[in-house]
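A.B. asks: For reference, the structure I am asking about is given below.
The values are calculated or read from the model by the stated rules, or taken from the named source; none is laboratory data. What you see is a predicted model; the values in this text were computed from it and never measured. Quick reminder, even Gly has a Cβ in these numbers, built from the backbone with ideal geometry, and neighbours come from all protein chains shown.
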Amino acid sequence: MSDRYVCSVDIGGTKIACAIMAFPADGSRPHSVYEAEVATDAAEGGEAVYARVAAAVRAALDAFDGEVLGVGIGSAGVVDPKTGGIAYANEIMPGWGGIALGPRLAEELDMPVAVTGDVHAHALGEARWGVGRGYESVLCLGIGTGIGGAFVMDGRVMRGSHGAAGHMGHIESTAAAGIPCACGRSGHLESVASGTSIGRIFEERYGRVDPSRPTVGRDVNDLVAAGDPRAIEVVSEAGRALGASLGTLANILDPAVIVLSGGVIHEGTGWRSETWRASVAEGYRSQALDPLEDTPILIGVLEGEAPLIGAAENLLDTLR
């Protein structure tokens with residue numbers, strides 16, 4: 001039995017990552033043999049983003065001298081589980097909703113294409129090959145430009161009837177009461193705990209970190225790492241809000257383990273500081289039922305590889 005190769009794509013609100021993932025014949029962890037990324041430039045609209053995705057995949061296939069079984073994609077937005085098209089996307093990805101991503105790309109490339117949600121792919125990667133490996137159920141939250149998540153049971157992702165399961169950033173959060181959300185509603189966790197929101201909140205309270213541009217989560221993270229009390233305050237509040245929502249989700253799903261991953265978690269030491277961890281734990285204890293208080297909350301280990309591995313695994317699942 002020889003190694004297998006899959007072209008894998010992770011489409012987020014900020015960047016598009018593309019890789020050729022190798023699945024070794026000996027059963028060891030998948031790894032990339034080619035990687036590239038480009039800016040999403042989501043504001044240019046769905047068709048422009050699709051063109052960048054297609055170009056990235058073609059470049060990867062051209063660069064790799066070997067047989068590729070197909071293309072696995074993890075995409076922002078709600079993926080229609082029946083068609084592989086984008087059923088819905090919020091204002092972070094304007095015009096992305098309605099793009100027939102899977103069918104169009106499969107026809108253009110004349111090869112199998114499987115599309116799932118980016119957070120579904122992320123969770124599948126961590127559950128099968130990351131810190132969630134060996135647990136029967138994994139609740140995974142990806143925290144970056146927005147917040148999404150997925151629940152994996154016995155190695156399979158819960159996608160829901162409409163492919164929308166896992167929009168955990170859009171559950172009600174007391175800390176976000178009255179704050180508009182990117183989805184068009186208000187009062188959602190994403191409005192106070194995503195990287196985008198952390199940057200916005202800091203700027204609203206204390207002004208811009210850099211007067212020449214809007215403040216983003218990474219700026220606040222850097223200040224936390226430097227011990228800035230203003231940044232620690234903002235990030236601690238975000239951590240408590242996140243933890244409280246994790247407690248609520250644990251009450252519903254009772255996972256064996258909770259995994260936190262995504263750009264906000266992996267951008268630097270500030271997010272993983274003891275202050276932030278303590279805030280998440282405090283928020284969790286405020287809502288989790290007594291039998292769930294000891295549910296492990298772990299940091300993902302695959303980082304940016306998680307959605308690429310998960311998207312490739314999803315493609316292999318469809319071929320099986």
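A.B. asks: Pick out the one residue from Val38, Val68 that is buried (at least 18 other Cβ atoms within 10 Å of the Cβ) and of a type in the set (A, V, I, L, M, F, W, C).
C.D. replies: Being buried (at least 18 other Cβ atoms within 10 Å of the Cβ) and of a type in the set (A, V, I, L, M, F, W, C) holds for just one of Val38, Val68, which is Val68.
Yes/no per residue for (1) among the small types (Gly, Ala, Ser); (2) outside the structural domain of Ala312 (by TED's automatic domain parsing); (3) outside any helix (DSSP H, G or I):
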{"site": "Ser161", "(1), (2), (3)": "yes, yes, yes"}
{"site": "Ala164", "(1), (2), (3)": "yes, yes, yes"}
{"site": "Val192", "(1), (2), (3)": "no, yes, no"}
{"site": "Gly199", "(1), (2), (3)": "yes, yes, no"}
{"site": "Val209", "(1), (2), (3)": "no, yes, yes"}
{"site": "Pro214", "(1), (2), (3)": "no, yes, yes"}
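A.B. asks: While we're looking at this one, here's another question. Determine the pairs where a residue that is in contact (Cβ under 8 Å) with a residue 60 or more places away in the chain, located within region 78-103, has a partner that is hydrophobic (A, V, I, L, M, F, W, C) and assigned to a helix (DSSP H, G or I) with Cβ atoms under 7 Å apart, the partner being 6 or more residues away or on another chain.
C.D. replies: Ile92/Ala42; Met93/Ala42
A.B. asks: Among Gly169, Gly149, Gly184, which is in a loop (DSSP other than H, G, I, E, B) and either farther than 24 Å from Gly263 by Cα or touching a residue at least 12 places away in the same chain (Cβ under 8 Å) (or both)?
C.D. replies: Going through Gly169, Gly149, Gly184 in turn, the sole match is Gly184.
A.B. asks: Would you point out the residue of region 1-54, among those that are among the small types (Gly, Ala, Ser), assigned to a loop (DSSP other than H, G, I, E, B) and touching a residue at least 40 places away in the same chain (Cβ under 8 Å), that is farthest from Gly77 (Cα to Cα)?
C.D. replies: For region 1-54, the residue satisfying everything is Gly45.
A.B. asks: Answer yes or no: is there a residue in region 42-63 that is in the same structural domain as Pro103 (by TED's automatic domain parsing), farther than 20 Å from Arg104 by Cα and surrounded by 14 or more Cβ atoms within 10 Å (Cβ to Cβ).
C.D. replies: Scanning region 42-63 turns up no residue that is in the same structural domain as Pro103 (by TED's automatic domain parsing), farther than 20 Å from Arg104 by Cα and surrounded by 14 or more Cβ atoms within 10 Å (Cβ to Cβ).
A.B. asks: Any residue that is surrounded by 14 or more Cβ atoms within 10 Å (Cβ to Cβ), touching a Gly at 6+ places or on another chain (Cβ under 9 Å), modelled with pLDDT of 95 or more and not in a helix (DSSP H, G or I) - is there at least one of those in region 226-245?
C.D. replies: no
A.B. asks: Check off (1) in a helix (DSSP H, G or I); (2) at pLDDT 95 or above; (3) not small (Gly, Ala, Ser) for Val220 and give me the number that stays unchecked.
C.D. replies: Of the numbered conditions (1) in a helix (DSSP H, G or I); (2) at pLDDT 95 or above; (3) not small (Gly, Ala, Ser), the odd one out for Val220 is (2).
A.B. asks: To continue, here is another question. For region 115-143, what are the residues that are surrounded by fewer than 24 Cβ atoms within 10 Å (Cβ to Cβ) and touching a residue at least 24 places away in the same chain (Cβ under 8 Å)?
C.D. replies: Arg128, Trp129, Val131, Tyr135, Glu136, Ser137
A.B. asks: Those residues that are surrounded by 16 or more Cβ atoms within 10 Å (Cβ to Cβ) and either out of contact with any Gly (no Cβ under 7 Å at 6 or more places or on another chain) or of a type in the set (Phe, Trp, Tyr) (or both), I need them from region 182-217; list them, please.
C.D. replies: Cys183, Ser191, Val192, Ala193, Ser197, Arg200, Ile201, Phe202, Glu203, Tyr206, Val209, listed by residue number.
A.B. asks: Could you list, in sequence order, all residues of region 85-106 that are part of a loop (DSSP other than H, G, I, E, B) and buried (at least 17 other Cβ atoms within 10 Å of the Cβ)?
C.D. replies: Result: Gly85, Ala89, Asn90, Ile92, Met93, Gly95, Trp96, Ile99.
Matching residues to (1) within 30 Å of Cys7 (Cα to Cα); (2) modelled with pLDDT under 95; (3) touching a helix residue (DSSP H, G or I) at 6+ places or on another chain (Cβ under 9 Å):
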residue	(1), (2), (3)
Thr248	no, no, yes
Leu253	no, no, no
Leu260	yes, yes, yes
Glu274	no, yes, no
Arg285	no, no, yes
Val301	yes, yes, yes
Ala306	yes, yes, yes
Leu315	yes, no, no
